[in-house]
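Take a look at the structure below.
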Amino acid sequence: MTGLTYIINPRMVRGLDYYTRTAFEVVSYQLGSQNAVTGGGRYDNLFQEIGGLDVPGIGFAIGMERLVSLLPKEKGFIQYPHLFIAALGGETLREAYRIINQLHLEGIRVELDYEGKSLKSQMRRADKLKARYVLILGEEELKRGRAVLRNMETKSQEEIPLSNLLNILKEKFRHEVEGAKD
């Protein structure tokens with residue numbers, strides 16, 4: 001590999017005895033003694049040893065806390081979502097998936113609760129993520145072809161038609177999306 005500094009250590013121990021041949025770690029010298037950010041290796045015999053076929057494999061794990069601690073501290077690095085979708089119910093979740101896909105294609109940063117939590121819980125999550133708006137989509141709203149768009153800063157909200165949702169949201173976030181493309 002070009003541009004990547006590496007050291008071959010034939011005595012490296014990953015702490016798991018099912019590795020075969022290649023094991024690896026990605027380390028950072030900014031982390032102190034617990035410096036492995038990610039690690040893994042080949043598991044050629046593992047699947048067979050647990051009763052499966054003789055299939056070779058490879059895997060890895062990332063220490064998210066360690067990875068996050070290495071991110072630049074500048075405030076401009078973190079991009080908060082433009083929108084959080086609070087979907088309340090099975091059918092609304094399917095509609096939310098459709099909406100989130102369209103918005104991502106337009107460059108709009110969107111987050112969604114995938115666990116089906118209560119509206120209160122989802123609003124807390126949106127607030128924690130510092131989402132500017134929350135799109136509330138319940139069964140009743142879906143039946144009426146509408147959604148509630150809540151401004152998290154002003155706490156004002158408005159009903160918007162699902163048929164024009166994409167255009168309304170594209171216009172709300174147009175300047176930020178265009179700025180990100182430059």
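Out of segment 118-143, which residues are hydrophobic (A, V, I, L, M, F, W, C), closer than 16 Å to Tyr80 by Cβ and touching a residue at least 40 places away in the same chain (Cβ under 8 Å)?
Answer for segment 118-143, where residues must be hydrophobic (A, V, I, L, M, F, W, C), closer than 16 Å to Tyr80 by Cβ and touching a residue at least 40 places away in the same chain (Cβ under 8 Å): Ala126, Leu129, Ala131, Val134, Leu135.
Looking at segment 19-59 only, could you name the residues that are of a type in the set (Phe, Trp, Tyr) and either in contact (Cβ under 8 Å) with a residue 24 or more places away in the chain or surrounded by 14 or more Cβ atoms within 10 Å (Cβ to Cβ) (or both)?
Residues satisfying the conditions are Tyr19, Phe24, Tyr43, Phe47.
What strands (runs of 3 or more DSSP E), lying completely within segment 1-107, carry at least 3 residues that are under 30 Å from Ser121 (Cβ atoms)?
Once the strands (runs of 3 or more DSSP E) in segment 1-107 are filtered for at least 3 residues that are under 30 Å from Ser121 (Cβ atoms), what remains is 83-88.
Among all residue pairs at least 6 apart or on different chains, which show Cβ distances below 7 Å where the first residue, located in segment 1-14, is in the same structural domain as Arg42 (by TED's automatic domain parsing) and modelled with pLDDT of 75 or more and the second is aliphatic (A, V, I, L, M) and surrounded by 10 or more Cβ atoms within 10 Å (Cβ to Cβ)?
Met12/Ala23
Going through segment 144-163 one residue at a time, which ones are under 14 Å from Ala87 (Cβ atoms) and either more than 27 Å from the chain's Cα centre (by Cα) or assigned to a helix (DSSP H, G or I) (or both)?
Leu162
Every residue, every condition in (1) at pLDDT 85 or above; (2) aliphatic (A, V, I, L, M), yes or no:
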{"site": "Asn35", "(1), (2)": "yes, no"}
{"site": "Gly39", "(1), (2)": "yes, no"}
{"site": "Arg42", "(1), (2)": "yes, no"}
{"site": "Ile58", "(1), (2)": "yes, yes"}
{"site": "Leu70", "(1), (2)": "no, yes"}
{"site": "Lys75", "(1), (2)": "no, no"}
{"site": "Ile85", "(1), (2)": "yes, yes"}
{"site": "Ala96", "(1), (2)": "yes, yes"}
{"site": "Ile99", "(1), (2)": "yes, yes"}
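Keeping to segment 108-139, report how many residues are assigned to a helix (DSSP H, G or I) and of a type outside the set (Asp, Glu).
Adding up the residues that qualify gives 9.
The values are calculated or read from the model by the stated rules, or taken from the named source; none is laboratory data. On a predicted model such as this, the values are computed, not experimentally measured, just so you know. For neighbour counting, all protein chains shown are included, and Cβ atoms are generated from backbone atoms with ideal geometry for every residue, glycine included.
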